[in-house]
Amino acid sequence: MNLTLKIWRQKDSKTKGQMVDYKVTDISEHMSFLEMMDVLNEQLINTGEEPVAFDHDCREGICGMCSMYINGEAHGPDRGVTTCQLHMRMFKDGDTITIEPFRAKAFPVIKDLVVDRSSFDRIQHAGGYISVNTSGNTQDANATPISKHDADEAMDAATCIGCGACVATCKNSSAMLFVGAKVSQYALLPQGQVEATDRVKNMVAQMDLEGFGNCSNTGACEIECPKGISLENIARMNRELLKATFKS
Amino acid sequence: MSVLDSKVPKGPLKNKWTDYKNHIDLVNPANKRNIDVIVVGTGLAGGSACATLAELGYNVKAFAYQDSPRRAHSIAAQGGINAAKNYQGDGDSTYRLFYDTVKGGDYRSREANVYRLAEVSANIIDQCVAQGVPFARDYGGLLDNRSFGGVLVSRTFYAKGQTGQQLLLGAYSAMNRQIARGKIEMHNRHEMLDVVKVDGKARGIIARNLITGEIERHSAHAVVIASGGYGNVFFLSTNAMGSNVSAGWKIHKKGAFFANPCYTQIHPTCIPRSGDYQSKLTLMSESLRNDGRIWVPKNMEDVMAIREGRKKPTDLSEDERDYYLERRYPAFGNLVPRDVASRAAKERCDAGYGVNATGEAVYLDFASAITRYGTEQAKIQNIKNASEAKIYELGQAIVEAKYGNLFQMYEKIVDENPYETPMMIYPAVHYTMGGVWVDYNLMTTVPGLYCIGEANFSDHGANRLGASALMQGLADGYFVLPYTIGDYLSDDIRTGKISTDSPEFIEAEKDVRERLEFFVTNKGEHSVDYYHKKLGKIMWDKCGMSRNEKGLKEAMAEIKALREDFWKNVSVPGGINEMNPELEKAGRVADFIELGELFAKDALTREESCGGHFREESVELDGEQKGEAKRNDKDFAFVSAWEYKGEPADAVLHKEELEFNDIELKQRSYK
Ligand SMILES: Cc1cc2nc3c(=O)[nH]c(=O)nc-3n(C[C@H](O)[C@H](O)[C@H](O)COP(=O)(O)OP(=O)(O)OC[C@H]3O[C@@H](n4cnc5c(N)ncnc54)[C@H](O)[C@@H]3O)c2cc1C
Ligand code: SF4
Ligand code: FES
């Protein structure tokens, strides 16, 4: 198929960006979206132009590195997938595809489609861990049984890949789904109880500091999340926060 | 004596590690504050090492090319992690895990290292659970296990199909705690471009900030490389796009020996290539072989009919199908080890029986399993005279519960429903057992320079068993390196900060800069990918699943010619002082090309078949094992450690003879 691409080009964080049109031809429906971008870039290199910078690494939907806002949707039109798992069969010959970076105050653009998501890391530094030494002298792994139900739910929350689609989708650029997922994982497990109060308070404080917006419960994040992280995690975080406020 | 000293402690195998640890020189906590350690790579190996080193009190400077430690390619591991916990009470033990790993590695690994690995494996699970890693549990709330890769016990711990992700997020969380305490200085989006040696010791690195393009000098008292595997030398592999050999290759050129480069694991169950634009291959977990049956059509007419779309695989009756693994290996059937399954698929496809347009695919069929589970369920649920459709529905539910996420992933990529039609699979490059040579302390042949995780060579011999790489990465990082490194650093307590103004740093930075400048000013004809794809094709055709003398010699010559062309005609757009992904790739591919040549030379030198290295000249000529791989313990029970001498082809071989005192060497048989 032949396509027109409208792509955000921006030299660096200080320079203003703009949309630029490109044409690609002979795109196979079996290609992944990023392979289509490879074709474009090879074409640009061969004509002496600068290729489009975009983040990617695993290309199998697990590292969370790829981003891209495609035709107005984080990770594009398919559900439950990241951009690297999106296939060209979702498009048809003659389509025009708009490709922009994830946009949020807390995710400044670095170049073209690459954004800086280090704000997510700083939220994790604020409390996304259990304070246990890595000495190898911990108790036996089976000493504390954990119900299968809780373990499975913690696992579901833990599958967040930190891609930031929830933020890019949200009209307030809220990071509640991301933070809620981490808080939930530990809240559901006995190991996480000791620090529960400080954890939720510190992580939420950092989230506010980074400039993420408030949650107004529209639920768009849940729909666009490639890993199906549910809104329940936000509710659980709010409960944890409430508990923490009462305690102090 | 050889220049190689493995430093394996004396004494009985069982006590080596404990005794050794008890006598290692320690650095006292006050002094650790004055010691800096650089860790390049923050996957499972590097991330866990950073966490423990920081906790012990060292100042850690960590580097990764991704934008966060959480994105290292360890994240992609699906299946699980082994540990000798014997929770299932099925007779597992440290010795059995050790034995399976040495045997699985086709007797080409170092006994003492593997035993230590098995010994600390149980700690890993305790550690990870304490960190909140949500491993799968049974209804009683205890940890669940699965069996993996043809071993006889259930010792694999898992977190759905995302074990690597959960373990990495555990290590990342342990790092975050230390980052928050100021003990780890994390440099994301930084690529190490060289190591700096001062007075023969590793004292720092040159790194490039991938956002600004700035070239930076970083010093430390010791340097640890944890940069992962080099499977991308084949261009297509299950590795991440950025996975590279550069850190390992740069230290090789500065004196670290490179061991067994030709030992590559080619994983049998990957999604086949669909066209020339393909950028990477996706693994389907090995666990699928527990229930899937592998076949191709018996008759060539059916192959053609299927390729042309005139027939569907489901149209073929049982006796029109060739279940070639069950036919060739009745004892193990579809559960033969990875190397055997991969070669058998290649054999059928080379003979023309491949079932997709490229001729490189075989079927992995779940119909029998669905029927079997369905029948079982009908009995359990007391459904009398269940219809075929009902049985299928019941069976499908079981298969979905076990492999649902994999089936979904397959459907997203291939656009076919694997519950209705068999999956297509083909082998792909997946893991590299070879890597930088290290001694028992995990130190390379350069003092103060260490190498851990997939980047080193030590524990998997010529073939890695499933679920053992995650175990090795975390063992090295959490529990081995942080202690063995103390032995070396105890001499450095009075050294003080290492200056980055010495001539050595200036020189190393100059070299790095010149190379980068060459790339952006060359303005040649071909893109970096053009060369990478060419290299990949040579590697796959001549250094892939099976190798022979003629092909390997050709490969060496072709790769050399490719290298010469690359340095004349490569074209890299953009500049140095900016984010420039093509420039990053250029440096990586330049190193892959050099490694490729050494790889072929190593394969040529090893005139035996072992594990992932199958030499066509070395097969059993008669008897039950006729046509199978033939290992040669008399002449080849050694590690090939290569010393760099200017050109990859001039590398000098040093042999570390392997001694097996606690295991009897046997030819593997799966008939
Ligand atoms: C698809 C897949 C599935 C797998 N499944 C399993 C499984 O089920 N069980 C199992 O045991 N094993 C499995 N493996 C193998 C296992 O995942 C890897 O061997 C292991 O995770 C490697 O860990 P590592 O820490 O050595 O390297 P990685 O996790 O690859 O980390 C490498 C690190 O080095 C950094 N880096 C690299 N080069 C540079 C440089 N020049 N400068 C700065 N930083 C650099 C990267 O940024 C990264 O942080 C699988 C592998 C793959 C590819
Ligand atoms: S919650 Fe979902 S969308 Fe948000 S970062 Fe995690 S995986 Fe991405
Ligand atoms: S590239 Fe890793 S999730 Fe898309």
Exposure rule at most 12 other beta-carbon atoms within 10 Å, DSSP loop trypsin sites (Lys or Arg not before Pro): chain A longest free segment: A:172-248
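Might you tell me the accessible area per residue for region A:129-248, computed with a 1.4 Å probe and given in Å²? Kindly include the intermediate steps, with their values, before the conclusion.
Working: 5090 Å² over 120 residues.
Averaged over the residues of region A:129-248, the accessible area is 42 Å².
Mind giving me the FRET efficiency for A:THR25 and B:ILE383? R0 is 60 Å, r the Cβ-Cβ distance, nearest 0.05 is fine. Let's see the in-between values first.
Values: r = 55 Å, r/R0 = 0.92.
In this case the efficiency is close to 0.60.
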Residue-averaged [θ]222 nm for chain B, counting only DSSP H segments that reach four residues, each worth -39500 (n - 2.57): -12000 deg cm²/dmol
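Return a whole-number percent for the relative contact order of chain A, with Cα pairs under 8 Å and 6 or more residues apart as the contact set. If you can, show how the numbers build up before the last one.
Working: 433 pairs, mean separation 48.1, N = 248.
So the answer I get is 19 percent.
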Size of charge dipole - region B:227-340 - debye, nearest 20, with Cβ of Lys, Arg +1 and Asp, Glu -1, no other charges: 660 debye
Computed magnitude of the charge dipole of the protein assembly as shown (debye, nearest 20; Cβ of K, R +1, Cβ of D, E -1): 1540 debye
Spin-label zone in region B:82-125 - amide nitrogen under 12 Å from a point set 7 Å from the Cα of B:LYS21 along the C-beta vector: B:116-124
Tilt relative to chain B, helix B:581-605 - C-alpha long axis, 0 to 90 degrees, to 10: 70 degrees
Separation in nanometres of the label points that stand 7 Å from Cα toward Cβ, at B:LYS645 and B:ASN290: 5.0 nm
Vicinal HN-Hα couplings computed from phi for region B:551-557 (Karplus, 6.51 cos²θ - 1.76 cosθ + 1.60; Hz; Gly/Pro x): x, 5, 5, 4, 4, 4, 5
Size of charge dipole - chain A - debye, nearest 20, with Cβ of Lys, Arg +1 and Asp, Glu -1, no other charges: 920 debye
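Under the 0.36 nm per residue contour assumption, what length would be gained going from the current alpha-carbon distance of B:ASN31 and B:ASP541 to full extension? All intermediate terms of the calculation are to be shown ahead of the outcome.
Details: separation 510, 0.36 × 510 = 183.60 nm, distance 5.34 nm.
Gain in length upon complete extension: 178.3 nm.
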Förster-model FRET efficiency, 25 Å R0, B:MET300 and A:ARG89, C-beta, rounded to 0.05: 0.20
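Restricting attention to region B:306-338, which trypsin sites (Lys or Arg not before Pro) occupy a DSSP loop and are surrounded by at most 11 other Cβ atoms within 10 Å? Intermediate values should be presented prior to the final figure.
Values: sites: B:ARG307, B:ARG310, B:LYS311, B:ARG321, B:ARG327, B:ARG328, B:ARG338; in loops: B:ARG310, B:LYS311.
Within region B:306-338, the qualifying trypsin sites (Lys or Arg not before Pro) (loop, at most 11 other Cβ atoms within 10 Å) are B:ARG310.
Hey, got the average number of other protein chain Cβ atoms within 10 angstrom for residues in B:270-279?
4
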Amide hydrogen neighbours beyond the local backbone of A:MET31, cut-off 5 Å, H modeled: A:MET88
Average beta-carbon neighbours from other chains, 10 Å sphere, peptide A:58-71: 6
Contact surface B-A: accessible area buried, both sides summed, square angstrom, 1.4 angstrom probe: 6000 Å²
A:LYS148-B:ASP622 pseudo-label distance in nm [points 7 Å out on the Cα-to-Cβ vector]: 5.6 nm
Positive dipole terminus of the protein assembly as shown, leading residue within B:PHE98, A:MET203, B:ASN113 (C-beta point charges): A:MET203
Helix axis angle, B:13-23 relative to chain B longest principal axis, alpha carbon, degrees: 30 degrees
Taking region A:3-111 and dividing mean pair separation by its residue count, relative contact order in percent (alpha carbons under 8 Å, at least six apart): 33 percent
Prolate/oblate/rounded label for region B:17-97 (Cα gyration tensor, a/c 1.5): oblate
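Computed FRET efficiency, Cβ-Cβ of B:ASP138 and B:GLU326, R0 22 Å: what is it to the nearest 0.05? Don't skip to the answer; put the middle values down first.
Details: r = 31 Å, r/R0 = 1.42.
Working from the Cβ atoms, E equals 0.10.
Over all residues in B:62-75, what is the mean tally of Cβ atoms on other chains that come within 10 Å of each residue's Cβ?
That average works out to 5.
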Helix B:528-542 axis, angle to chain B major axis (alpha carbon atoms, nearest 10°): 60 degrees
Proximal lysine pairs, region B:272-429, alpha carbons under 16 Å, eight or more residues apart or interchain: 5
Shape of chain B, Cα gyration tensor, a/c cut at 1.5: prolate
Karplus-derived HN-Hα couplings along region B:642-650 (A = 6.51, B = -1.76, C = 1.60, θ = phi - 60°), whole Hz, x at Gly and Pro: 9, 9, 6, 9, x, 10, x, 6, 8
Under 5 Å, built H, 5+ apart or other chain: amide partners of B:ASP194: B:ILE206
Farthest positive-ward along chain B dipole, Cα basis, beta-carbon charges - from B:LEU394, B:GLN667, B:MET545: B:LEU394
Simple label model, 7 Å out from Cα along Cβ direction - B:LYS253 to B:GLU517, nm: 1.7 nm
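Relative contact order, percent, of chain B when contacts are C-alpha pairs under 8 Å separated by at least 6 residues?
Working: 1426 pairs, mean separation 137.8, N = 671.
That works out to 21 percent.
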Cross-link pairs B:LYS61/B:LYS183; B:LYS523/B:LYS553; B:LYS250/B:LYS550 - those with Cα-Cα distance over 20 Å: B:LYS523/B:LYS553; B:LYS250/B:LYS550
Amide H partners (placed H, <5 Å) of A:SER174, local residues excluded: A:GLY213
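Is the protein assembly as shown rounded, prolate or oblate when judged by the Cα gyration tensor, a ≥ b ≥ c being the square roots of its eigenvalues, rounded requiring a/c under 1.5 and prolate requiring a/b larger than b/c?
Numbers: a/c = 1.13, a/b = 1.03, b/c = 1.10.
Since a/c stays below 1.5, the shape of the protein assembly as shown is classed as rounded.
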Solvent-accessible heavy-atom area per residue, rounded to whole Å², over region B:401-478 at 1.4 Å: 20 Å²
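The values are calculated or read from the model by the stated rules, or taken from the named source; none is laboratory data. Computed from a predicted model, the values in this text were never measured in an experiment. Backbone-built Cβ (ideal geometry, glycine too); neighbour counts: all protein chains shown. The area values use the complete protein model at the heavy-atom level, side chains included, leaving out ligands, DNA and RNA. Shrake-Rupley method; radii C 1.70, N 1.55, O 1.52, S 1.80 Å.
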